[in-house]
Amino acid sequence: MGRMESIWGDDWAEFKPERWLEKDETGKWRFVGRDSFTYPVFQAGPRMCLGKEMAFMQMQRLVAGIMRRFRVVPALAPGVDPHFISFLSSQMEGGFPVKILHRETSHSN
């Protein structure tokens, strides 16, 4: 279902985080959840993953901490496309190499 053109459009294979974001009244981006039956990463209905909310909180905390201090950029060789493996947990074949670049900041923490 994660690759169905009828659900995600003809650009389903492109990395587009804006699929799950929309701007609020102040112009800030905010997360917009999809129907659990449309995007069943944590399953749906009576068999929904009990750790879903904790996983989302941990992910948000981790990403916010990283993105505040670093830029994460893909480090793939030119012409190489990552290959997604659908398994018990989602993963990329051979991993997904990235470069971590320290952000330039005008203030100290």
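Inside segment 68-78, residues that are open to solvent by 80 Å² or more (accessible area, probe 1.4 Å), out of contact with any strand residue (DSSP E or B) (no Cβ under 7 Å at 6 or more places or on another chain) and modelled with pLDDT under 90 make up a count of 1.
Residue pairs whose Cβ atoms lie under 7 Å apart, sitting 6 or more positions apart in sequence or on different chains, and linking a residue in segment 41-69 that is closer than 23 Å to Thr105 by Cα and part of a helix (DSSP H, G or I) to a partner that is modelled with pLDDT of 80 or more and open to solvent by less than 100 Å² (accessible area, probe 1.4 Å), are Ile66/Val72; Arg69/Arg103. Within segment 33-62, the residues that satisfy the criterion of being closer than 24 Å to Trp12 by Cα, open to solvent by 70 Å² or more (accessible area, probe 1.4 Å) and among the aliphatic types (A, V, I, L, M) are Val41, Met59. Would you be able to tell me the number of residues in segment 9-27 that are open to solvent by less than 60 Å² (accessible area, probe 1.4 Å), modelled with pLDDT under 85 and either assigned to a loop (DSSP other than H, G, I, E, B) or of a type in the set (Gly, Ala, Ser) (or both)? Looking only at that region, the number is 2. Would you point out which residue out of Arg30, Arg3 is among the charged types (D, E, K, R) and part of a strand (DSSP E or B)? Just one listed residue meets the conditions, Arg30. Got a number for residues in segment 30-59 being in contact with a Leu (Cβ under 9 Å, 6 or more places away or on another chain) and farther than 21 Å from Met4 by Cα? Looking only at that region, the number is 2. If you check Glu104 against the conditions, is it of a type in the set (Asp, Glu), farther than 30 Å from Cys49 by Cβ and open to solvent by 80 Å² or more (accessible area, probe 1.4 Å)? Yes.
The values are calculated or read from the model by the stated rules, or taken from the named source; none is laboratory data. Predicted, not measured: the structure shown is a model, and the values here were computed from it. Cβ coordinates were reconstructed from backbone atoms using ideal geometry, including for glycine residues, and neighbour counts include every protein chain displayed. Calculation scope for accessible area: heavy atoms of the full protein, side chains included, ligands and nucleic acids excluded. Shrake-Rupley method; radii C 1.70, N 1.55, O 1.52, S 1.80 Å.
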